[in-house]
Amino acid sequence: MNSIITQRFIKCHDRLREEGRVRSSRQFAMSLDYLPQSLSEILKNRRDVTIELLRKAIEKYKMNPVYVLTGDGPMFMTEEDHKTFRVLTIVTDSKDEERIVHVPVPAQAGYAAEMAGPSFVQDLPSFTLPDYKYKAGTHRSFDVGGDSMEPTLFEGDKVICSYVEPTLWENAVKDNYVYVIVTRGDVLVKRVLNHLKEEKALLLTSDNAFYEPYRVSMNDIREIWFVRAKISPFLPAPQNHQNRIHEEMRELRHTVQQQIKQLDLMHSTIEKMFTNNGRTHE
């Protein structure tokens, strides 16, 4: 018996034939650069669909990966959904368990562009974490560049993220949470306001008030990743921490001294006023 994913794949294949979008199973296989004999084995419940065949079918025929994997949603994506969608390449270990792919700053321009194909992603570093929540679903980690998210995130931090399916963007992206937004030209770590339903756009804001918010059109978004945790290499040394406290105490002492001087000046001024008023009355 085929897996449930293979059964859904077969249903999508059958729908394509019913609607006349493919003339035959052979033509379907040839269009995906797949052996017709091997596809026949899948359709006869003798083998499961491969990840590579699924990837090609999703790209060419707009099969909805959410439907194939979970059974939710329509069998096929709309043209608008498909414009913003690209198939993720995953990396697995010897036990076929998915690893977390890390995208360092030097690789982010290539990752955002069309270069992020299977060979590009597979050459990136990958790792695992012991926490169970990172065992289910697809995860990526990204280097944080710049200071736009300070004091929440600093340059050199790494954010661990879970993938948000494109068909779920409108409802799953939550206001004021931090996401990694992969556009057609950049990898952005920002706090998000979701305006996809009303305006087909996201408003991206920075925690550093120096940076102004700006909008990103849905058509320019390639991937969305929900930031779940961060790995930071920065811990203040005890000496630095102590120096900061001393500096704050010096600033406080200076402020108090300035206020005392102002109070003394006010007291002196008031005394002079009373003295002058007394002389006038005499």
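The values are calculated or read from the model by the stated rules, or taken from the named source; none is laboratory data. Keep in mind it's a predicted model, so treat the numbers as computed, not measured. Ideal geometry is used to build each Cβ from the backbone, glycine not excepted, and the neighbour counts take in all protein chains shown.
Tallying residues that are of a type in the set (S, T, N, Q), touching a Ser or Thr at 6+ places or on another chain (Cβ under 7 Å) and more than 15 Å from residue 10 (Cα to Cα) within segment 31-81 yields 0. On the stretch given as segment 126-157, residues that are more than 18 Å from residue 109 (Cβ to Cβ) and surrounded by 14 or more Cβ atoms within 10 Å (Cβ to Cβ) total 12.
Identify all residues within segment 201-221 that are surrounded by 15 or more Cβ atoms within 10 Å (Cβ to Cβ) and either free of Cβ contacts under 8 Å to residues at least 60 places away in the same chain or under 16 Å from residue 172 (Cβ atoms) (or both); write none if there are none. Within segment 201-221, 201, 202, 203, 204, 205, 206, 207, 216, 218, 220, 221 meet the criteria.
With respect to (1) more than 23 Å from residue 90 (Cα to Cα); (2) within 31 Å of the chain's Cα centre (by Cα), the lone exception for residue 3 is condition (1). Can you spot a residue in segment 25-48 that is at pLDDT below 90, more than 15 Å from residue 63 (Cα to Cα), of a type outside the set (Lys, Arg) and surrounded by 14 or more Cβ atoms within 10 Å (Cβ to Cβ)? No.
How many residues does segment 145-174 hold that are within 26 Å of residue 93 (Cα to Cα), at pLDDT 90 or above and part of a loop (DSSP other than H, G, I, E, B)? The number of residues fulfilling the criteria is 1. The set of residues in segment 131-144 being at pLDDT below 90 and more than 13 Å from residue 88 (Cβ to Cβ) consists of 131, 132, 133, 134, 135, 136.
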